[in-house]
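Asks: Can you read through this structure? Questions will come right after.
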Amino acid sequence: MVVVDVLHECRSEGLAPEADVEALADRFTAMVDGLAIQILAGSTEMRPDRMRSLLLRAFEPHLDLTGHPGTPG
């Protein structure tokens, strides 16, 4: 699974030192799937920018993106 591989790489580079990779990947995938379905179905006011914001807020606490080359902040 691509998400698991990316999270393992993040953990090995110190970006997610305390992450439970498999659990985090499952939560991320479930959120992306659910939010994308809302967008495709047009069942809510969900927009891609809102989706992005929700995902960032949900997963930023698990990733340390400050002070690493190539990351904002």
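Asks: Which pairs turn up if I take residues in segment 13-36 that are of a type in the set (S, T, N, Q) and look for partners that are assigned to a helix (DSSP H, G or I) and surrounded by 12 or more Cβ atoms within 10 Å (Cβ to Cβ) with beta carbon separation below 7 Å, at least 6 apart in sequence or on another chain?
Replies: Taking only residues 6 or more apart or on different chains, the pairs are THR29/VAL3.
Asks: Quick one: in segment 16-39, of everything that is at pLDDT below 90 and not in a helix (DSSP H, G or I), which residue is surrounded by the most Cβ atoms within 10 Å (Cβ to Cβ)?
Replies: ALA16
Asks: Exactly one of (1) open to solvent by 90 Å² or more (accessible area, probe 1.4 Å); (2) aliphatic (A, V, I, L, M); (3) closer than 16 Å to LEU65 by Cβ is unmet by LEU7. Its number?
Replies: Checking LEU7 against (1) open to solvent by 90 Å² or more (accessible area, probe 1.4 Å); (2) aliphatic (A, V, I, L, M); (3) closer than 16 Å to LEU65 by Cβ, the one that fails is (1).
Asks: I'm checking my understanding of the structure. Among residues of segment 40-67 that are surrounded by fewer than 12 Cβ atoms within 10 Å (Cβ to Cβ), among the small types (Gly, Ala, Ser) and in a helix (DSSP H, G or I), which one is farthest from the chain's Cα centre (by Cα)?
Replies: That would be ALA41.
The values are calculated or read from the model by the stated rules, or taken from the named source; none is laboratory data. This is a predicted model, so every value here is computed, not measured. Using ideal geometry, Cβ is built from the backbone for each residue, glycine included, and neighbour counts are taken over all protein chains shown. Remember, those area values only see protein heavy atoms, side chains included, never the ligands or the DNA or RNA. Shrake-Rupley method; radii C 1.70, N 1.55, O 1.52, S 1.80 Å.
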